[in-house]
1. Please note which strands (runs of 3 or more DSSP E) are completely contained in the stretch B:1-117 and include at least 2 residues that are farther than 20 Å from B:Arg127 by Cα.
2. Every residue in the stretch A:56-80 that is loosely packed, with under 15 Cβ neighbours inside 10 Å and either of a type in the set (A, V, I, L, M) or in contact (Cβ under 8 Å) with a residue 12 or more places away in the chain (or both), please.
3. Considering each of B:Ser58, B:Ser68 in turn, give the residue that is polar (S, T, N, Q) and exposed (fewer than 14 other Cβ atoms within 10 Å of the Cβ).
4. Looking at the stretch B:98-112, can you tell me whether even one residue there is of a type in the set (Val, Ile, Thr) and at pLDDT 95 or above?
Amino acid sequence: MDMQFTDVGGVTKAVLGGRLDSFSVGEVETRFVANIVPKEQPAVVDLSDVSFIASLGIRMLIGTARALQRSNARFAMFGANDAVMEIIETTSLTEIIPVVGTEAEALAVVTA
Amino acid sequence: MKPDRTEADGEPALVLNLPNHPTVIEESRVAVVGFLEPLGVGARTMNRVEVVLEELISNLIRHGHEVSAITVEADYDGESIDLVVEDDGLEFDPLAKPDPDPFTSLAEAPLGGLGIALVRRLTCAARYDRVGAGAAARNRVSVTITNR
């Protein structure tokens, strides 16, 4: 699993790539959280290059969004392909975390 | 790991005999996808198969007790995929765990129990059986996923 982090005008942007399965979550979760939560600023996650997600990946995203919420900072995701989106919707993640199509939409959501 | 394939009536077309080790999650995924792909299983269904298999085996590895051997079986009849995951551990029914309560906020959202909920929602049938007796007793989880 690949991860990159940048700052887009006061918003943390994380780009994930590869499979977000139980093995890779174990490898990347600590770094993912550490690059987002302590900054206490809004964050968006680019899922365009994520090919697979399972429950531990969903749990990582919920945990990170919840921790960020304690700083009153918003969290959104964008660019999920059909396979990833089906799993996100099946777990009702869209009820609690905005999942939109584009980076611009995600940035608008977290800075509104 | 060498798949044991058989075409005999009543026998699953793909059988994998695996040790209890985290690497078997990926090994079994590659083998099952390699078996189903040439049979015309669509990408959307294949993703469901991969998720269900991942959830069942990772759940077993994390929560099973005294598991030394895992068997994965896969079969496809042109309409649906049957997956069976068996283990030789102590009696453990992963499907007995209820789905997480519905949630509408991050604070309410569960951090656990999502995997088995996914198995239920992505399959058209899922059941647990304790099969065999004594030292040969095994946990068996059988699921069916419709190809669409």
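1. Numbers: elements: B:14-19, B:69-76, B:80-87.
Fully inside the stretch B:1-117 and qualifying: B:14-19.
2. If the condition is that a residue be loosely packed, with under 15 Cβ neighbours inside 10 Å and either of a type in the set (A, V, I, L, M) or in contact (Cβ under 8 Å) with a residue 12 or more places away in the chain (or both), then A:Ser71 is the only one that fits.
3. Within the list B:Ser58, B:Ser68, the selection yields B:Ser68.
4. no
Matching residues to (1) modelled with pLDDT of 95 or more; (2) in contact with a strand residue (DSSP E or B) (Cβ under 7 Å, 6 or more places away or on another chain); (3) closer than 16 Å to B:Asn47 by Cα:
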position	(1), (2), (3)
A:Gly10	yes, no, no
A:Leu16	yes, yes, no
A:Arg31	yes, yes, no
A:Gln41	yes, yes, no
A:Val84	yes, yes, yes
A:Ile87	yes, yes, yes
A:Ser92	no, no, no
A:Ala106	yes, yes, no
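The values are calculated or read from the model by the stated rules, or taken from the named source; none is laboratory data. What you see is a predicted model; the values in this text were computed from it and never measured. Here the Cβ is made from the backbone with ideal geometry for all residues, glycine too, and neighbour counts use every protein chain on show.
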